[in-house]
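Here is the structure we will look at, set down as structure tokens.
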Amino acid sequence: MTESAFWLTFPKLSADMRTGYRLMLELNHSYNMDCMQGMAQFPDGYFDLAVVDPPYGGAGNTFKCSDKTRFGGRFDRYRSTSPAVQNLAGGYSITRTGGAWAAKYGKKIIAWDNAPRPEYFDELFRVSKQQIIWGGNYFDLPPCRCFLIWNKPNIPTDFTMAQCEFAWCSLNENAKLISLSSTRSKDAKHWHPTEKPIGLYDWIFRLFCHPGDKILDTHLGSGNSRKAAYDAGLDFIGFEVDPEYYAKGCADFDAYAAQQSLFRQAAAESAGEQLCLL
Ligand SMILES: C[S@@+](CC[C@H](N)C(=O)[O-])C[C@H]1O[C@@H](n2cnc3c(N)ncnc32)[C@H](O)[C@@H]1O
């Protein structure tokens, strides 16, 4: 039985009972399962760093909150009077544009674009020692000293996409900024609507990780975090709930790892040849 089939069959197992099944999950794998079920498998503080990018519920032009207390009840001025928006859990509405992007991916995104409940953050902070949370500006998180900004120099001010993204960060460091184009290269296959570049994860892992660290990504999406962790030699676990994204992410990762291992082999051989010439 696969992990996802297991949890579909036994959805009501308590967290304590689930711990009996911890051995099912291994490091350096990704899993097609809900991250809440995934995290329940791990003891407190198991991961050194969680780098996560949860949905914040903005597709379809409205914020679809899975919990009314998402903003701690402090932002009721954002509660919509529109019956359509009121029907969505929470009923908060901050219009966003989206243009061609939303038209292309809208239906699929709406299926998974639910902001996590507060329990998600409790569980995330339980299983990991440090956390980097992309889109942290949309969640009710404590004050932070360190935050990360991904500046997208390719996006003009009047364009319908954000010029930068914010990550909430638990580390006691100075805030950091990276400028990295969000333009996707034409030669690579891109299929995930909210894919973040591998270079962004490379940067994070180089800044904050040490050899032997265990990394968690609760919302894998394209799986670029997994590729960057592989390059950095870090131990990694990722969860992705959507079967189609999961399958594509696994295929991409296998192809990437095979290519990287060829590069490494060629580099080792060329270093060996140079040594012989000396
Ligand atoms: C914002 S995207 C992440 C994009 C990712 N950072 C990347 O670089 O491709 C969020 C992803 O989380 C997945 N997802 C949504 N709810 C989930 C859950 N409860 N558990 C695991 N994955 C979930 C969605 O299917 C989507 O692929």
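What follows draws every value from the coordinates through simple rules; no lab data is involved. Keep in mind the model is a prediction, meaning the values are calculated, not measured. Quick reminder, even Gly has a Cβ in these numbers, built from the backbone with ideal geometry, and neighbours come from all protein chains shown.
General remarks:
- Within the stretch 177-270, the chymotrypsin sites (Phe, Trp or Tyr not before Pro) that combine a DSSP coil assignment with at most 16 other C-beta atoms in a 10 angstrom radius are Trp191.
- Stretchable slack from Ser181 to Phe263, in nm (0.36 nm times residue separation minus alpha-carbon distance): 27.0 nm
- Its residue count N fixes a reference of 2.2 N^0.38 Å for the stretch 149-258, and the Cα radius of gyration divided by that reference is 1.11.
- The separation of the stretch 203-278 from the stretch 133-191, counted between C-alpha centres, amounts to 21 Å.
- Summing charges over all other residues whose Cβ lies under 13 Å from the Cβ of Leu49, with Lys and Arg as +1 and Asp and Glu as -1, gives -2.
- Cα-based equivalent ellipsoid of the stretch 214-276: semi-axis lengths in Å, sorted from largest, via gyration tensor: 30, 13, 5
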